[in-house]
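The values are calculated or read from the model by the stated rules, or taken from the named source; none is laboratory data. Since the structure is predicted, the reported quantities are computational estimates derived from the model, not experimental observations. In this analysis, Cβ positions are derived from the backbone assuming ideal geometry, glycine residues included, and neighbour counts consider all displayed protein chains. Areas reflect the complete protein model, heavy atoms only, side chains present, ligands, DNA and RNA absent. Shrake-Rupley method; radii C 1.70, N 1.55, O 1.52, S 1.80 Å.
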Amino acid sequence: MKLILASNSPRRKELLHKLLDNFAIIPAQGEEKSDAQQPSAFVAQLAYNKAAEVWRNNTDSLVLGCDTAVVFDNKILGKPHNRQQARQMLSALSDNTHTVLTGVCLMSAHKTEQFVACTKVVFRKLSDSDIESYIDTGSCYDKAGAHGIQDSDFVSAIEGEYDNVMGLPVCEVGKALQKFGININK
């Protein structure tokens, strides 16, 4: 069975390559919306929507849909639209713990497997200079919560899977793929 990643994320593609050498990429194009009130239900619904959209045109394949959110104070932090939003997000996360949730949906003609991976992330205390220097790189604008674990030195500790923070909980996805009879590299 062919695996399709329903995402155009370069990070997800890179992370999925840890498990498999061969898979197709067909990004979901639909609007990302959900009526879910809880962040975990929100990412689960978006992952399902992405997988279902791509699967409808590829019913002979296994489709992997994902959605990742940064959650602080039970609110989802999206990508900042401007410098002020980035500064507010990073200031709020400074010297605090936030959660990264990734909703995962694997869909085939025979079954659907869904789960939400959770990783707690602890930020060190950030100075105004730390925040301004990071914003100056421009990296904050394409990342939920205005930061990437891979390109900042803000994280002092994590509890959970590191790869989840980058957008794909590799260990959990590997276990789920095996349930579909997919042989993984590990």
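The table below lists the values:
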item: Accessible surface of the stretch 61-162, 1.4 Å probe, proportion on carbon and sulfur as whole %; result: 48 percent
item: Pairs of alpha carbons in the stretch 17-67 whose separation is greater than 13 Å (percent); result: 59 percent
item: H17 - accessible surface, heavy atoms, 1.4 Å probe, Å² rounded to 10; result: 80 Å²
item: C-alpha long axis of helix 128-137 to longest principal axis of the chain, angle in °; result: 50 degrees
item: Residue-count net charge about T119 - beta-carbon cut-off 14 Å; Lys, Arg +1, Asp, Glu -1; result: -3
item: List K143, K75, ordered by accessible area with a 1.4 Å probe, largest first; result: K75, K143
item: Positive minus negative residues near S7 (Lys, Arg vs Asp, Glu; Cβ under 13 Å); result: 0
item: Positive minus negative residues near S133 (Lys, Arg vs Asp, Glu; Cβ under 13 Å); result: -4
item: Solvent-accessible area per residue, Å², over the chain with all protein chains present [probe radius 1.4 Å]; result: 50 Å²
item: Global form of the chain, assessed from the alpha-carbon gyration tensor, a/c cut-off 1.5; result: prolate
